[in-house]
């Protein structure tokens with residue numbers, strides 16, 4: 001009985017170490033992807049004088065704006081015929097209809113991209129929940145000199161910023177695993 005317990009413990013240990021290694025690999029790949037896409041953005045800027053632009057909606061995990069912004073970026077740096085880089089297959093995702101191509105992170109979510117010209121620092125949005133400081137929904141570019149490019153990380157969620165206190169998704173802890181092109 002003791003031998004079975006020891007073997008079970010060792011199996012659990014190996015599984016735990018494997019999961020940790022997979023997470024580290026995914027984070028490293030996301031950081032590499034973000035750096036590569038960032039270099040393509042710099043090449044785009046050298047040709048046009050500005051970074052590829054996104055929609056005005058920075059983060060929206062429910063209505064598809066993250067896929068929209070990623071698709072807009074893909075179209076500007078890959079599909080224009082200029083080919084600032086050739087993304088590997090693991091980096092390409094398709095919308096459910098197949099109509100849009102976008103960059104996908106190691107966690108099977110669209111990389112979110114945000115860059116407006118001129119930079120929108122903050123907008124207040126009034127929706128059904130009343131006024132909301134709109135740091136994340138429309139505006140609030142973090143990298144004001146360049147662009148925001150990020151992955152939601154393992155949990156697939158991020159902290160959108162100030163919102164109604166009763167919003168279930170309004171939890172700063174969800175941004176801890178985000179992988180970004182800016183320093184926090």
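Brief remarks follow.
A quick yes/no check of all residues on (1) in a helix (DSSP H, G or I); (2) at pLDDT below 55:
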{"site": "140", "(1), (2)": "no, no"}
{"site": "149", "(1), (2)": "no, no"}
{"site": "157", "(1), (2)": "no, no"}
{"site": "164", "(1), (2)": "no, yes"}
{"site": "167", "(1), (2)": "no, yes"}
{"site": "170", "(1), (2)": "no, yes"}
{"site": "174", "(1), (2)": "yes, no"}
{"site": "183", "(1), (2)": "no, no"}
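- Only residues that are closer than 21 Å to residue 28 by Cβ and in contact with a strand residue (DSSP E or B) (Cβ under 8 Å, 6 or more places away or on another chain) were counted across the stretch 69-89, and they come to 2.
The values are calculated or read from the model by the stated rules, or taken from the named source; none is laboratory data. Here the structure is a predicted model, which means the values were calculated and not measured. When we count neighbours, we look across all protein chains shown, and the Cβ atoms used for this are built from the backbone with ideal geometry, even at glycine.
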